Every structure is written in structure tokens, then in C-alpha cells.
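Only one structure is covered here, and it is reproduced in the block below.
No lab work stands behind these numbers, since they all come straight from the coordinates. The model shown is predicted, which means the values in this text are computed figures rather than measured ones. Note that we place each Cβ from the backbone using ideal geometry, even for glycine, and neighbour counts take in every protein chain shown.
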Amino acid sequence: MSKIAAAVFNRKGGVGKTTIAVILAQIALIRHNKVLAVDLDPSRNFSDALGFMKNYFRDSLRLKDTLEDSDADSKEEWIIIDCPPTLDDSSRKAIDFADITLAPVTPDFFSLSNLAVVYSIAAKDGKEKAQLPLVKVGYDNSGISKIADQLISERDYPIAEDLPLHKRIPFNITSGLVWSTGLMARSRQPFERLYEKIIRAIDKLNDGVVDINEVWTDRKEDGTNDADI
Ligand SMILES: Nc1ncnc2c1ncn2[C@@H]1O[C@H](COP(=O)(O)OP(=O)(O)O)[C@@H](O)[C@H]1O
Ligand SMILES: [Mg+2]
């Protein structure tokens with residue numbers, strides 16, 4: 001596996017950016033990868049949550065609050081960057097630096113409304129649309145989720161994963177207890193799928209694939225994909 005730099009960004013707060021960054025970092029660490037975690041949000045939620053994990057993972061986890069070009073040469077297999085909910089210089093640098101920028105979106109207009117500007121800025125920096133996939137958080141069968149889904153498909157946004165809401169997450173993440181009492185195997189699965197899809201997506205992008213469906217759809221050996229199951 002080559003080195004992976006993944007940022008998590010949306011100009012909307014409260015959409016699950018830090019939660020995704022924390023759980024991806026955990027999964028990488030559990031799988032014996034080293035992680036450089038960069039917390040660009042002055043709220044310091046990412047650093048606080050990872051502070052607890054640092055006690056356990058020690059030197060495998062390194063925390064920083066700024067991103068530097070030299071981080072591209074760091075020894076860690078994963079660089080995970082949690083952005084503030086603003087498209088400021090630090091977020092722009094993160095999107096430019098990252099191989100993949102995940103944009104979590106909840107089923108509400110505001111979490112989707114300002115994505116177009118992000119895509120156009122990223123495109124100016126030479127990024128492909130496939131490098132900025134959405135992560136749907138908390139979509140269900142409600143009318144409002146369907147409206148949001150329609151907006152996503154009209155704009156042809158790539159989708160990396162669909163994460164359900166899980167009632168343990170708000171407390172465990174913010175208290176730092178996520179490591180000891182957090183998500184058990186089954187609840188962790190959507191996040192693990194996301195983790196694995198990121199690895200495969202980067203391989204495909206490195207192979208020159210830019211089609212959003214090809215990059216983000218799981219194709220199995222037998223030619224079927226997730227949608228067929
Ligand atoms: N999949 C989820 N299930 C349940 N609660 C979640 C989930 N993702 C995020 N949350 C909760 O939503 C709130 C906002 O999440 P957070 O990751 O802090 O968002 P952001 O970093 O975008 O501001 C937190 O209370 C968090 O625990
Ligand atoms: Mg946050």
C-alpha cells in the first residue's frame with residue numbers, strides 16, 4: 001500500500017467530519033499502520049479524541065495542527081486531515097495536498113449547497129471530481145433524505161459511502177471513550193468499507209481512472225458490484 005493522504009472537509013459544521021477522521025485513524029492504527037493526524041480545526045475535537053488513542057497507540061500516532069509540504073515525506077502510511085468548516089487557506093491547502101478529500105453531507109440543503117465552489121476550486125488545483133467524494137451521513141427513507149439524494153444525483157457527485165447514524169457515536173467520540181466502549185464490529189463496518197474503498201480508489205486514480213463510478217463502485221472479481229447484491 002502506498003502512502004495515503006485523506007482530508008475531510010465541508011463548509012458546514014456538524015456533518016460528521018471529525019467523526020469520520022477519528023474512526024478512519026482508528027481503523028488504520030488497528031491495522032498496524034502509522035498515522036499522521038493533522039487537526040486544522042481550532043475546535044481541536046480531532047486532537048482531543050486522538051489524545052486518548054495516543055495513550056494506546058503511542059508512537060504509531062503523531063498529531064499536528066498545521067500541514068506542511070514536508071509532510072508528504074513523512075514516514076506514516078496514512079495522513080488524515082480534519083478541516084475546519086470554512087474554506088480558508090488551511091482547508092484549501094489540505095484539499096490540494098490530499099489524494100482524497102471526503103465531503104460528509106447530512107440530508108439538509110446547507111451541507112450540499114456550497115459544494116460546487118469547492119469542486120471548482122479543487123479543479124483549478126488540478127484535482128479530479130473523483131478525488132472529492134461525498135460521504136452520506138444519516139440518510140434514511142424520509143422525504144428530506146430523498147430530496148437530498150435527488151440533488152446529489154442531479155449534480156453527479158461521487159459517493160464514497162453511506163454511513164448510518166449510530167447512537168453511541170456522539171457520546172463516545174466526544175468523551176474519548178470511543179476506543180474502549182466504542183463501535184463494535186458490526187457498527188464499524190460502514191467505516192471499514194469506507195477505509196477500504198479509499199485505498200482502492202487511490203489505486204484506481206494512480207492507474208489513471210477518473211470516472212467517478214469506476215473509482216467509487218466496488219467491482220468484485222466475478223464482475224458484479226455492490227449494486228447487484
Ligand atoms: N454516524 C454518526 N452517527 C451518530 N452521530 C454522529 C455520526 N457522525 C457524527 N455524529 C455526531 O454528530 C455531531 C457532529 O459530528 P462531528 O463529527 O463533530 O461533525 P463536524 O466535525 O463536521 O462538525 C457529533 O455530536 C457527533 O458525535
Ligand atoms: Mg469537526
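In table form, for the structure just shown:
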quantity: Relative contact order of the chain, pairs being alpha-carbon contacts under 8 Å that are 6 or more residues apart, as %; calculated: 23
quantity: Helical segments meeting 30 Å axial Cα length and Kyte-Doolittle -1.0 threshold in the chain (DSSP H); calculated: 185-206
quantity: Given LYS34/LYS129; LYS12/LYS124; LYS12/LYS54; LYS3/LYS204; LYS12/LYS204, the pairs whose alpha carbons are separated by over 18 Å; calculated: LYS34/LYS129; LYS12/LYS124; LYS12/LYS54; LYS12/LYS204
quantity: Dipole magnitude (debye, nearest 20) for region 4-228, charges at Cβ of Lys, Arg, Asp, Glu; calculated: 740
quantity: Semi-axes of the equivalent ellipsoid for region 1-139, Cα gyration tensor, largest first, Å; calculated: 23, 17, 13
